[in-house]
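*Asks:* Below: one structure in C-alpha cells.
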Amino acid sequence: MLYIFDLGNVIVDIDFNRVLGVWSDLGRVPLATLQSRFAMDEAFEQHERGEISDAQFAEKVCDRLGLALGEEQFEKGWQAVFVSLRPEVIARMHLLREQGHRVVVLSNTNALHTRFWPKQYPEVGQAADAIYLSQEMGMRKPEPAIFQRVLEQEGFAADQAVFFDDNEANVAAARALGIDTVLVTSAKSVPEWFATRS
C-alpha cells in the first residue's frame with residue numbers, strides 16, 4: 001500500500017494565528033485587524049505552486065494586510081506557523097515502512113517554509129520514502145493532477161493508496177480519484193484510524 005500524509009496538522013501542528021501574532025507585534029497593527037484581512041488568496045496559491053517568488057509573495061501579503069515589514073521580519077512571522085511534531089504519526093510512518101509499505105508526504109507548502117521545516121523537523125524526512133512539495137511540482141492540492149502525479153511516480157493505483165489530510169477539499173478531491181481518504185480533525189485521528197484496522 002501507498003500511504004500519503006499531508007504535513008500541516010497531520011504530521012506537524014501548525015497555527016496561522018501565531019504568524020499573525022508575530023506580524024502584529026513587529027508591524028504594530030492590531031491582531032484583530034490582521035485576522036480580518038488575512039486570506040489564503042490567489043497570491044497564497046501562486047506561492048504554493050512556485051509561480052511567484054518569496055519577495056513577491058511578501059509584498060502582496062504586506063499590501064493586503066497594511067503591514068510595513070522587512071524581509072527578516074516577514075520571515076520570522078511566516079515561520080512561526082509551525083508548532084510541534086506529532087510523534088505518534090512519525091512512529092506510525094516508520095512502522096508502515098517496516099511492514100513493507102510505501103510512505104510519502106504530500107504538502108502544499110512554499111519555498112520560505114521549506115527553508116525552515118526540514119531542518120526544524122528532520123524526523124519527517126527520516127520517516128518518509130519521498131516528499132512531494134507543491135512549489136516544486138507546480139501544482140497544489142486539491143488539484144487532481146497532483147494526486148495523479150504522486151500515484152504515477154510511486155507506481156500505485158488509486159485503490160492501493162490511503163491519503164491523510166486535514167482539509168476537506170483535499171480529501172474530497174483524492175476520494176473522487178478512488179483514493180481511500182482520512183480527514184484528520186485532531187492529533188488523535190491518525191492513531192485512531194490505524195487502531196480500528198489492527
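*Asks:* Go through the residues of the range 32-48 one by one and say whether even a single one is more than 18 Å from L65 (Cα to Cα), part of a helix (DSSP H, G or I) and either without any contact (Cβ under 8 Å) to a residue 24 or more places away in the chain or not assigned by TED's automatic domain parsing to the domain that holds Q160 (or both). Even if it seems obvious, please write down each step before you answer.
*Replies:* So the first thing to find is which residues in the range 32-48 are more than 18 Å from L65 (Cα to Cα), and the list is 48.
Keeping just the survivors that are part of a helix (DSSP H, G or I) gives 48.
Next, only the ones that are either without any contact (Cβ under 8 Å) to a residue 24 or more places away in the chain or not assigned by TED's automatic domain parsing to the domain that holds Q160 (or both) stay: 48.
Checked the range 32-48: at least one residue is more than 18 Å from L65 (Cα to Cα), part of a helix (DSSP H, G or I) and either without any contact (Cβ under 8 Å) to a residue 24 or more places away in the chain or not assigned by TED's automatic domain parsing to the domain that holds Q160 (or both).
Here's the yes/no breakdown for (1) of a type outside the set (A, V, I, L, M, F, W, C); (2) outside the structural domain of A169 (by TED's automatic domain parsing); (3) more than 22 Å from the chain's Cα centre (by Cα):
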| position | (1), (2), (3) |
| --- | --- |
| D63 | yes, yes, yes |
| G66 | yes, yes, yes |
| I90 | no, no, no |
| T109 | yes, no, no |
| H113 | yes, no, no |
| K119 | yes, no, no |
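*Asks:* Collect the residues in the range 86-137 that are in a loop (DSSP other than H, G, I, E, B) and touching a residue at least 40 places away in the same chain (Cβ under 8 Å), keeping them in residue-number order.
*Replies:* Residues of the range 86-137 that are in a loop (DSSP other than H, G, I, E, B), as a first pass: 86, 99-101, 108-110, 115-116, 121, 128-129.
Selection gives R86, H101, N108, T109, N110, Y121, A128.
*Asks:* Let me ask you something else. Looking at L7, is it on the phi < 0 side of the Ramachandran plot, assigned by TED's automatic domain parsing to the domain that holds K188 and of a type outside the set (D, E, K, R)?
*Replies:* yes
*Asks:* For residues that are surrounded by 15 or more Cβ atoms within 10 Å (Cβ to Cβ) and free of Cβ contacts under 8 Å to residues at least 24 places away in the same chain, tally how many sit in the range 181-192.
*Replies:* The qualifying residues number 3.
*Asks:* For the range 42-73, how many residues are of a type in the set (G, A, S) and either within 24 Å of L106 (Cα to Cα) or touching an Asp or Glu at 6+ places or on another chain (Cβ under 8 Å) (or both)? Even if it seems obvious, please write down each step before you answer.
*Replies:* First pass over the range 42-73, keeping only residues of a type in the set (G, A, S): 43, 50, 53, 55, 58, 66, 68, 70.
Now restrict to residues that are either within 24 Å of L106 (Cα to Cα) or touching an Asp or Glu at 6+ places or on another chain (Cβ under 8 Å) (or both): 43, 50, 53, 55, 58.
Selection size over the range 42-73: 5.
*Asks:* Given the conditions (1) modelled with pLDDT of 95 or more; (2) surrounded by fewer than 17 Cβ atoms within 10 Å (Cβ to Cβ), report the number of the one that E71 does not fulfil.
*Replies:* Answer for E71: the failing condition is (1).
*Asks:* Could you list, in sequence order, all residues of the range 1-31 that are touching a strand residue (DSSP E or B) at 6+ places or on another chain (Cβ under 8 Å), outside any loop (DSSP other than H, G, I, E, B) and surrounded by fewer than 17 Cβ atoms within 10 Å (Cβ to Cβ)?
*Replies:* D13, R18
The values are calculated or read from the model by the stated rules, or taken from the named source; none is laboratory data. Every value quoted in this text rests on a predicted model; they were computed, and no experiment measured them. Please note: Cβ atoms are built from the backbone with ideal geometry, for glycine as well, and neighbour counts cover all protein chains shown.
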